[in-house]
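Notes to accompany the following structure.
The values are calculated or read from the model by the stated rules, or taken from the named source; none is laboratory data. Note that the coordinates shown come from a computational prediction; the quantities given were computed from them, not determined experimentally. Cβ placement follows ideal geometry from the backbone for every residue including glycine, while neighbour counts extend to all protein chains displayed.
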Amino acid sequence: MSAFVQYTLQGLAAGGFYALAALGLAVIFGVLGVVNFSHGACYMLGAVAAAVLLDLGMHFWVALAVVPILLFGVGVLMERLLVRWLLRLDPLYNFLLTFGLSLILVDLVKRRYGVSGLPYERPAGLEGQLHFGALALSTYQVFVCLFSFVICALVWLLLTKTRVGMIVRASTEDAERSRALGINVGRWVTPVFGFGIALAGLAGVMAAPFRAITADMGSNFVIILFAVVVIGGLGSILGAVVAGFLVGLVEAYGQAYAPTFAQVAIFVLMAAVVLFRPAGLFGREETA
Amino acid sequence: MTHPVKDPSNTTGTSGVDASEPTLTGRRRGPWRWVMLAVGLFTALALPWFIYPPVAMDIAAWALFAVSVDLLLGYTGLLSFGHAAFWGSSAYVTGLIAIHWGLPFPVAILAGMLFAMAIAVPIGYLSVRRTGIYFAMVTLAFAQMIYFIANQLSGLTGGENGLQAIPKSFFGIESVETDSFSFYYAAIGLIFLGAWAAWRIIHSPFGRVLVAIRDNPARARALGYDVDRYKIIAFVLSAGLAGLAGGVFAMSHGFSSLEELNWTTSGKVVLITVLGGIGTLWGGPLGAAIVVTLEDKLTSSGFEGTGIILGSIFVVIVLLFRHGIWGTARDLLQRRMAGRRDRSD
């Protein structure tokens, strides 16, 4: 029983990374219609930035606030300099563009920091284990779970309860009609892109004490993210979050009970979704 | 949805529409096609005299691989980001058959190709349910599934080490089995066979239906074509070509690694295809020649960070020259010819 709880926690912690990053992917797709292939690279940049900041004496809690702001800047630059020029064309062009971009980012980091991982210690206050009776849970995993829940909830509130969120949702729903109703959709494109990248960066910072920080850490991550958004329904905010945690759980249970098929299980789940609900669990048919 | 890679500036029908179109330029381009074919054949046959034969073989294999991707992207309007699954699985099956049964290498490669086509049936069946960007993501994810499966079956595939020492058995002809220069000429026939098949597919009535589906799937459906079935068949045929290329690649190197199945391989072949020019059969070989040579030069010069150079070139191509090198050159030529004709009229 306690083993099961531990696997569940492990799954929810891994799912937290997926949910946060997939949320960023979904917001970007919703407003810009762009599937950002470099999302994995941005996640990696977040983790690397955290490691560099630690080297400069800024600990985890500072990085948690600073890195998303830095990545927001990266996202704004990416959108302004590159992505923007292809928005009018078929989304496949931006898919390809961001693919090229991720090749560049990964190799730049590889050149600068090498292929072996950068060190990162568990932040003070989050090491060790929490004891609930007979149950011992990793403090950091509990933190990751709770923190990603909170961030997802905050983003959800931001999107549903604020005026900015309403505008973003309206632009997602029907950009043309939003424009007709006097909303300057174009003004929100850049900040939304930056915001999505910042979420990937945030996931990266949280992964830093938890995973090996290497230039390639995002290259597998982004494929899983694609599976997550296909399962959840591309463009669906709720779908991204639910599918993120779901995939995390599938991965963790898989590793625990059928290690041979752990990684394959995610894709089997995706195949089942594509077969029975092609638009994804929370997607609508017409979004294709 | 229209042709996924169409761009609004493209009004001249350059997206994969070939010279058989009954236009004035089409008829004029007739003899050029034979000249191109002769030049292409000559280049392919002369290549190992000028560059290191294994590199020449790499170019030929990647060229056919790119053609297989273009068959889907340029002529059916589907961007597969998972073609490594077919290239890589064929590389493994080819290698396993050559190692365990010692069959002549063309037989092993054909078996690998058939295996690639077999796994393409379920993957294609599931993937064609989505179009556009979804298709790219779904194929990518399925290919990664194949990668993980191969990694798990380490007893068979050698896991992280891959398959080592694949013998090039060729009816006891020793020069082919040991010398990469002779091997090139023994194996290039398979590449030609694949290229010829691609050409036949594109110029067949079946290929015309694919183009119709690319340009207007709803109309193709209204005309009574089973769109999904055509897409699946195109997907399986394309996987076969990718498998043929992957088998030749594995044979040439004498090993097959997990890298052949990884998504970076799928990315590289898409990069080659787009660089050369989508919807132009000649773009693939051109892109392959550039990318393989560039990688070879960069690696041998000790430069780490091939991705920076390739990625930058790719970003520039996608931003500014979306018809690729071949397509852009062709557009320029056509515009000049059209200009000359206007003046003479």
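Tabulated values for the structure
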| read-out | value |
| --- | --- |
| Helices (runs of 4 or more DSSP H) contained in region A:84-181 and holding at least 2 residues touching a residue at least 40 places away in the same chain (Cβ under 8 Å), over 30 Å from B:Gly307 (Cβ atoms) and in contact with a Gly (Cβ under 9 Å, 6 or more places away or on another chain) | A:139-161, A:163-173 |
| Unmet requirement for A:Val48, which otherwise passes all of (1) in contact with a helix residue (DSSP H, G or I) (Cβ under 7 Å, 6 or more places away or on another chain); (2) within 13 Å of chain B (Cβ to nearest Cβ); (3) crowded, with 17+ Cβ neighbours inside 10 Å | (2) |
| Test result for B:Ala338, surrounded by fewer than 16 Cβ atoms within 10 Å (Cβ to Cβ) and either away from chain A (no Cβ under 14 Å) or farther than 21 Å from B:Met36 by Cβ (or both) | yes |
| Given (1) buried (at least 17 other Cβ atoms within 10 Å of the Cβ); (2) touching a residue at least 12 places away in the same chain (Cβ under 8 Å), index of the condition B:Gly311 fails | (2) |
| Search result, residues across region A:32-54 that are hydrophobic (A, V, I, L, M, F, W, C) and within 13 Å of A:Ile197 (Cβ to Cβ) | A:Leu32, A:Val34, A:Phe37, A:Ala41, A:Cys42, A:Met44, A:Leu45, A:Ala49 |
| Which listed residue, of B:Pro104, B:Pro122, is surrounded by fewer than 20 Cβ atoms within 10 Å (Cβ to Cβ) and either among the charged types (D, E, K, R) or within 9 Å of chain A (Cβ to nearest Cβ) (or both) | B:Pro122 |
| Criterion: touching a Leu at 6+ places or on another chain (Cβ under 8 Å), part of a loop (DSSP other than H, G, I, E, B) and of a type outside the set (S, T, N, Q) - qualifying residue of A:Phe226, A:Phe245, A:Phe282 | A:Phe282 |
| Which listed residue, of B:Ile325, B:Ile308, is more than 13 Å from B:Gly88 (Cβ to Cβ), out of contact with any Lys or Arg (no Cβ under 8 Å at 6 or more places or on another chain) and not in a loop (DSSP other than H, G, I, E, B) | B:Ile325 |
| From B:Glu160, B:Glu177, residue being free of Cβ contacts under 8 Å to residues at least 60 places away in the same chain, surrounded by fewer than 19 Cβ atoms within 10 Å (Cβ to Cβ) and assigned to a helix (DSSP H, G or I) | B:Glu177 |
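Results for (1) in contact with a helix residue (DSSP H, G or I) (Cβ under 8 Å, 6 or more places away or on another chain); (2) at pLDDT 90 or above; (3) not β-branched (Val, Ile, Thr), shown as yes or no for each residue.
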{"position": "A:Val205", "(1), (2), (3)": "yes, yes, no"}
{"position": "A:Ala212", "(1), (2), (3)": "no, no, yes"}
{"position": "A:Leu234", "(1), (2), (3)": "yes, no, yes"}
{"position": "A:Ile237", "(1), (2), (3)": "yes, no, no"}
